[in-house]
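J.: The structure is given below, and queries will be raised subsequently.
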Amino acid sequence: MERPTHVTLIDRHGEDARQIAWMLGGDADTPFNVTVGEALPDDLDALAADGTELLLLALDDDDLAPLQRLREALPQLPVILLDRDADDERGRRAIRLGAQDHLVKSRLEPTALRRAALHAVERARAAPPPASAGVGAILDRLPHGVLLLDPELRVLLANRAARALLDEHAPLRIGRDRRLRVMEAAQGRLLGALIGAVRRGELDDQGSALLLGGGERHPLAVLVSDLGHGGGTALFLSDPHAPPPVAAETLTALYGLTPAEARLVALLARGLTLDAVAERTHLSPHTLRTQLKQVFRKTGTNRQPELIKLILTGPAAIQRQPPK
């Protein structure tokens, strides 16, 4: 007899939980060992410690923070979201956050539920393991989005910035099958051709970029890079209208800037003028110009464009804590 698959079900509605556990346990050929809880444990590592192979997470509102917390703490644990409503948009958000499936409670049926559970577990077992939690943490510190794709264009990893960029108005989406999809067919053909050319070594770095979007969709700049040796492709994503955030504390550590000077530089790097910074900080333009002169002296720069280039290409735009 096949070893039972250990499933943890999180649902604060006792009757719903009992019904779902009954559905999973009704077939001896696909045995499940179901543990029921009303809420996620504070220490999510306890789920891994008790051998959980699949987590069914029931939510009662639009807040997907519990799902995001799970995916960040246990990225290899497959999660199926159980929803009270047939909300397609919430379902798409859940899939983008890494859920294996999005099912509506009122439509659950034993055979379909067991099939979805088995498929989620098998997909997780068959998926290539992430390079390491450390690599994911490093990529989450980057100010631009990163997607790592396998040779079939399935998304193996999406860092925090990429997940934030791929909202409902983005020209790119991650499908339920984890394949990358371009919302406009013509742009999809262009990106597919670009990825193919990069993989074949026909383009250098200068020719491997593409601007997607337009119209009702947010623009998205995409840089394609081949990982080599059949290892797939990396896509670097950025919003051309949104400069990357700058860590003021890193500026202080690197250049000896005061907190006020570091704040000024961080705001200038976001595209604000001195007058706009003065309005936001309630400081006079004269005070800000004095601070800027000190910044020029400490960073070895002479003009504002030179300063901004130094900052945006340096570690202050990269070595930052990932957003909470």
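J.: Only one of these is over 16 Å from residue 143 (Cα atoms) and among the hydroxyl-bearing types (Ser, Thr, Tyr): 287, 313, 250. Name it.
T.: Just a single option satisfies the conditions, and that option is 287.
J.: For the list (1) surrounded by 13 or more Cβ atoms within 10 Å (Cβ to Cβ); (2) touching a Gly at 6+ places or on another chain (Cβ under 8 Å); (3) at pLDDT below 85, I need the number of the one condition that residue 135 fails.
T.: Exception for residue 135: condition (2).
J.: Here is a further query. Of the conditions (1) surrounded by fewer than 16 Cβ atoms within 10 Å (Cβ to Cβ); (2) under 26 Å from residue 95 (Cβ atoms), residue 220 fails just one. Which one is it?
T.: Condition (1) is where residue 220 drops out.
The values are calculated or read from the model by the stated rules, or taken from the named source; none is laboratory data. Every value quoted in this text rests on a predicted model; they were computed, and no experiment measured them. Positions of Cβ are backbone-derived with ideal geometry, glycine not excepted, and every protein chain shown enters the neighbour counts.
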